[in-house]
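**Q** I am attaching a structure below and will ask some questions about it afterwards.
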Amino acid sequence: MIAYILLASLVATVTVTTTSGATIDAEIAATPQSRERGLMGRDSLGADSGMLSVFPEEGVYRFWMKDTRIPLDIIWLHSSRKVTFISRDTPPCPVMRVECPV
């Protein structure tokens, strides 16, 4: 349990404020390993919590829900911070599937 507490304290977070004034406490996933891990294995996520996946350059990036146990809203942002697409309530990949939809 101590290792988990130490690791949890090393996770960088940022507060994201939407144009409507809502705030989201987002973990930052800025490395290939942290983006690949994403929210795998989580049984829950706080109502105003999330993850911000940061990529080194602008492009089209796909996400899959392997080993993710909860549905998620996935929001794509342009480098200008404008929302370009929202996938609401994206379902987790069924446990028994070998391949997950992207």
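**Q** From the set of residues in the range 1-14 that are among the β-branched types (Val, Ile, Thr) and open to solvent by 60 Å² or more (accessible area, probe 1.4 Å), which is modelled with the highest pLDDT?
**A** Ranking the qualifying residues of the range 1-14, first place goes to 13.
**Q** Filter the range 15-29 for residues that are modelled with pLDDT of 90 or more and surrounded by 10 or more Cβ atoms within 10 Å (Cβ to Cβ) and give the result.
**A** Across the range 15-29, the qualifying residues are 23, 24, 25, 26, 27, 28, 29.
**Q** Hey, does the range 66-76 have a residue that's at pLDDT 85 or above, in a loop (DSSP other than H, G, I, E, B), closer than 20 Å to residue 15 by Cα and aromatic (Phe, Trp, Tyr)?
**A** No - not one qualifying residue is present in the range 66-76.
**Q** How many residues, within the range 77-91, are part of a loop (DSSP other than H, G, I, E, B) and exposed (fewer than 11 other Cβ atoms within 10 Å of the Cβ)?
**A** So the answer is 5.
**Q** Within the range 31-73, how many residues turn out to be among the small types (Gly, Ala, Ser), touching a residue at least 24 places away in the same chain (Cβ under 8 Å) and open to solvent by 60 Å² or more (accessible area, probe 1.4 Å)?
**A** So the answer is 1.
**Q** Can you pull out every residue in the range 25-65 that is over 12 Å from the mean Cα position of the chain (by Cα) and within 16 Å of residue 14 (Cα to Cα)?
**A** Result: 31, 46, 47, 48, 55.
The values are calculated or read from the model by the stated rules, or taken from the named source; none is laboratory data. Please read these numbers as outputs of a predicted model, since none were measured by experiment. Positions of Cβ are generated from backbone atoms using ideal geometry, with glycine treated the same way; all protein chains shown enter the neighbour counts. SASA here: full protein model, heavy atoms, side chains in, ligands and nucleic acids out. Shrake-Rupley method; radii C 1.70, N 1.55, O 1.52, S 1.80 Å.
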